[in-house]
Amino acid sequence: ASPSGELTDLAKFIVAECPRLHLQGLMTIGALEQSLTAGDENADFERLKETRDMLEAFCKAELGDARWGLDGRLLLSMGMSSDFEAALKAGSDIVRVGTGIFGGRKTKVE
């Protein structure tokens, strides 16, 4: 399968028309219940990996060495404090673990 036209159009636009941006990769939060109940596999993380692989192939073929990725590959940012282990097992390059380090945020009282 090939990446959707919207995704590749966005990638081309960022690379060609946004000189102050660098397309680093893709990000998802993913369904927490998938990480907690599906064993080692979160379908959201797996889908993002497939999408990244397709977009990366497109970038290599169509955009060459333009401003995208890191060392010829797109990064994945998946997972948060509660499911970072599943995200890392799925191949995430970046996880967001602020709550695990700093604790929960205080809610605004209005």
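The values are calculated or read from the model by the stated rules, or taken from the named source; none is laboratory data. This structure is a prediction, so every number in the text was calculated from the model and none was measured. Backbone-built Cβ (ideal geometry, glycine too); neighbour counts: all protein chains shown. Keep in mind that these areas ignore ligands, DNA and RNA; they rest on the heavy atoms of the full protein, side chains included. Shrake-Rupley method; radii C 1.70, N 1.55, O 1.52, S 1.80 Å.
For the pair GLU62 and GLU85, the difference between a 0.36 nm per residue extended length and the Cα-Cα distance amounts to 4.9 nm. The accessible surface of segment 44-110, taken with every protein chain in place and a 1.4 Å probe, is 52 percent carbon and sulfur. Taking Lys and Arg as +1 and Asp and Glu as -1, the other residues whose beta-carbon sits under 15 Å from that of THR8 total -4. Over segment 40-110, the ratio between the Cα radius of gyration and 2.2 N^0.38 Å evaluates to 1.42.
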